[in-house]
């Protein structure tokens, strides 16, 4: 999957993208389209396998219906901290896929360090069984446009010179 290059030298490499999605990023925001074309954004878990992004939503929720009606989606994955800014924006088409053994759902819910469950005093296996018992729909996102940004790549001399602009944005005349 190739980044569109919008952020040039600040874009993540494939390896950085995989590492960000596997560890640092905790959740994503999935934007789907309502029947009237209005966007609706929801926070949810995700999984990235190096080629596709995967999301899972309860079968009785509106997300599956919206994606079946219009597959166009945008998945935004922010860093959990506001600075240094890191994010991924993946635009594409959602395709519903089977998950009979719940392997993809397991990857979505249980990704990241196992210690997070112990710290929260949650039996992750029991939680997972309850989570899938309500019925889940899994969607694979076929990315058509990928944008990534890694603010840790900002050179020291530029860190405080751009205000709220991205370092690649032109300065006003």
Gaussian network model of the chain, Cα within-10 Å springs - most flexible of 108, 138, 122: 122
Could you compute the FRET efficiency for residue 83 and residue 1, with r as their C-beta to C-beta distance and R0 at 45 Å, rounded to 0.05? 0.95
Answer label for percent of Cα pairs over 29 Å apart (calculated), chosen among (1) 36; (2) 27; (3) 21: (2)
Helix 124-133 versus the longest principal axis of the chain: what angle, 0 to 90°, nearest 10, using Cα atoms? 70 degrees
GNM result for the chain, Cα springs below 10 Å: residue of 45, 63, 37 fluctuating most strongly: 37
Give me D for the stretch 78-163 in µm² s⁻¹, whole number, from Stokes-Einstein with Rh from the Kirkwood sum over alpha-carbon pairs, 20 °C and 1.002 mPa s. 131 µm²/s
Here the averaged projected area of the stretch 1-48, based on the convex hull of its alpha-carbon atoms and given in nm², is 4.5 nm²
Fully extended, how many nm does the chain gain between residue 51 and residue 119 (0.36 nm per residue separation, minus their Cα-Cα distance)? 21.4 nm
Residue with peak Gaussian network fluctuation, the chain [Cα springs, cutoff 10 Å], from 77, 104, 42: 42
Over the alpha carbons of the stretch 13-84, what is the largest minus smallest coordinate on each principal axis, giving the biggest first in Å? 36, 25, 21
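No lab work stands behind these numbers, since they all come straight from the coordinates. In this text the structure is predicted, and so the values were computed from the model without any measurement. When we count neighbours, we look across all protein chains shown, and the Cβ atoms used for this are built from the backbone with ideal geometry, even at glycine.
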